[in-house]
Amino acid sequence: MALIPPFFLDCVVSIGIQATDTTHWIGTGFIVGRPLTDTDGQPVRDKNGQKTYHTFLVTNKHVLQNNLAIVLRFNTLQGARIKDYPVQLRNNDNPIWVGHNSIEVDVAAFNINPNTLKGDSAVFDFFKLDEHTMSVSDLKKNGASEGDGVFVLGFPMGIVSTQSSHAISRSGSIARIRDLLDNRASLFLIDANIFPGNSGSPVIIRPEMIAIDGTTSIKSAALIGIVKGYIPFRDVAISQQTGNTRVIFEENSGLAWVETVDSIKDTVELCYSQIVSMNSRE
C-alpha cells in the first residue's frame, strides 16, 4: 500500500555546489509543470490529446542566493546510475531564476528543459500544478486542519548517495494552519524534523481514509507547499559573575515553516511571464 504516488519521488532533485573535486549538497528542489493554454484559455494538447506543460525547478531563494552555479543530480535509466547537471545561475550578469515578489516569501523558480533530461535517459517527473496540488482554498474546502499528516521529501543533512539520487521521506503533521486558512498569514507550520538540506523540500499532505464525525477525509496525496526552514530553539547561558551572556545554545524545535502552493504558483507564473517576454523580443 503506497501513500505517496511513486512518481512524486521522481519530481524531487538534490541541489549541490561544486567545490574543487567534490560536491556539497546544500538543498532540495522539485520540478513542477505549468499547463500551457491557448489564447482562449484552453489547454494546449499534443498529438495524443494530452495536455502540455512548461516545466520549472522550484526551491528556496536562500538556496540559490550568493551562488554563481549549482549542481542538480538525477538518476538515469541507462549506463551510469546518476548524472550531475551543472547549472549557471547567471546569464550576462542577470540571474536565470526568479524569486517571489514578496521579500518575505522564500520561493524561487527557473526554467528546466525536459528534452535534455529525456535525451540523457534521466529519471524525472513533475507535479502538475493543475492536478497534483492543493491551494489554500483547496485545503480549506477539504477541511485541512491541525494534526493532518504530511510527508516531507528531500535530502536532509546532504544525504545524497554517490550511486543514486533518491529522496528521503520523513513524516510529520500540520502543526498550525488556522491563521493561513483565515487569511491572517501567508504560510503555515508543520511538526516535522527539518534539517539543513531540506530547504526547498516539497510538503505532501497524507491521504486518510477515515475522519471524525462532521469532517471530511483527504483521499489523495497532493503537494501543499515547500519547506522554508525550521524554527530554532535558543537557550542562553548567563555568567553568574557578570550577568552577561556567555553561550547561546541553538536546537531544532521540530517545527518548520512552509510556504504555500499559492506562492509556488505565483512564482512560476512570474518566471513564465518573463520567459514569454524574452521570447517575444527575440
Might you check whether a residue that is touching a strand residue (DSSP E or B) at 6+ places or on another chain (Cβ under 7 Å), closer than 17 Å to Ser199 by Cα and aliphatic (A, V, I, L, M) occurs anywhere in the stretch 32-43? yes
Of all residues in the stretch 18-37, which are surrounded by 16 or more Cβ atoms within 10 Å (Cβ to Cβ) and either more than 14 Å from the chain's Cα centre (by Cα) or basic (Lys, Arg) (or both)? Thr23, Trp25, Arg34
Would you please name the residue that is farthest from the chain's Cα centre (by Cα), looking only at residues in the stretch 108-120 that are farther than 20 Å from Cys271 by Cα and surrounded by 14 or more Cβ atoms within 10 Å (Cβ to Cβ)? Asp120
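Would you mind stating whether Val203 is β-branched (Val, Ile, Thr), more than 30 Å from Asp38 (Cα to Cα) and touching a Gly at 6+ places or on another chain (Cβ under 6 Å)?
yes
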Of the residues in the stretch 125-180, how many are crowded, with 20+ Cβ neighbours inside 10 Å, part of a loop (DSSP other than H, G, I, E, B) and hydrophobic (A, V, I, L, M, F, W, C)? 8
Would you point out the residue of the stretch 38-67, among those that are in contact with an Asp or Glu (Cβ under 7 Å, 6 or more places away or on another chain) and in a loop (DSSP other than H, G, I, E, B), that is surrounded by the most Cβ atoms within 10 Å (Cβ to Cβ)? Asn60
Just need a number here: residues in the stretch 221-279 that are over 23 Å from Leu139 (Cβ atoms), polar (S, T, N, Q) and either in a strand (DSSP E or B) or touching a residue at least 60 places away in the same chain (Cβ under 8 Å) (or both). 4
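Only the coordinates and a few stated rules stand behind these numbers; no lab work does. This is a predicted model, so every value here is computed, not measured. As a convention, Cβ positions derive from the backbone with ideal geometry for all residues, glycine included, and neighbour counts pool all protein chains shown.
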